[in-house]
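Engineer: Provided herewith is a single structure, encoded as structure tokens, for subsequent inquiry.
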Amino acid sequence: MRGSLVGTAVTLAAGAMLTAAMTTASASPPAATAPKAEPSQPVLVDCFWNRNVRPTDFILACGDGNSRLIGLHWTRWSPDTATAVGVNAVNDCKPYCAAGTFRSYRVTVRLDRPEPWKKHPDVLRYGRMSLTYEGARPDGFKNVVIYPLWD
């Protein structure tokens, strides 16, 4: 009999904790949303399919995060192009990526080729990004690197 009382008490306690957790989660305020672009202004789509306008940081390597743009300062965000300066932090992956070191390289970022976003055809998104390295750059990189942006 003692065993069934303990089992009942454990079941009731677990149910109470689950109810409390669900109530807390459902009572949470909605997550903050990224700033919306004006209808004629393209957006920059990130790894999580969020629309971004003038982001200060942007992950380039979505799979592992080993290349990202940080400290972006935008000087232009127009219907045709966007331009920023910042830093490309790149993992040198030496001796391998998990033990590698992030190195920082000054870059100018240029977005262009606005086109309708396949996921939301009424939204324009930039289709290409080019990075121009100011001085030092990661091993094997050219002075200007061009990336097609995901859709």
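Engineer: Out of the residues in the range 66-80 that are among the small types (G, A, S) and touching a strand residue (DSSP E or B) at 6+ places or on another chain (Cβ under 6 Å), state the one that is surrounded by the fewest Cβ atoms within 10 Å (Cβ to Cβ).
Structural biologist: Selected residue: G71.
Engineer: I'd like to know if the range 64-87 contains one or more residues that are among the polar types (S, T, N, Q) and at pLDDT below 50.
Structural biologist: Scanning the range 64-87, I find no residue that is among the polar types (S, T, N, Q) and at pLDDT below 50, so the answer is no.
Engineer: Being of a type in the set (V, I, T) and within 27 Å of N50 (Cβ to Cβ) is the filter here; which residues of the range 97-143 pass it?
Structural biologist: Within the range 97-143, V107, T108, V109, V123, T132 qualify.
Engineer: Looking at A82, A61, can you tell me which residue is without any contact (Cβ under 8 Å) to a residue 12 or more places away in the chain and out of contact with any His (no Cβ under 8 Å at 6 or more places or on another chain)?
Structural biologist: On inspection, the qualifying residue turns out to be A61.
Engineer: Follow-up. I59 is checked against (1) closer than 18 Å to S40 by Cα; (2) aliphatic (A, V, I, L, M); (3) out of contact with any Phe, Trp or Tyr (no Cβ under 6 Å at 6 or more places or on another chain) and fails just one. What number does that condition carry?
Structural biologist: (1)
Engineer: Taking D80 as the residue in question, decide whether it is part of a loop (DSSP other than H, G, I, E, B) and under 18 Å from S67 (Cβ atoms).
Structural biologist: Answer is no for this residue.
Engineer: Being assigned to a loop (DSSP other than H, G, I, E, B) and closer than 20 Å to T75 by Cα is the filter here; which residues of the range 47-59 pass it?
Structural biologist: The answer is V53, R54, P55, T56, D57.
The values are calculated or read from the model by the stated rules, or taken from the named source; none is laboratory data. Bear in mind that the values here come from a model prediction, so they are computed numbers and not experimental data. Here the Cβ is made from the backbone with ideal geometry for all residues, glycine too, and neighbour counts use every protein chain on show.
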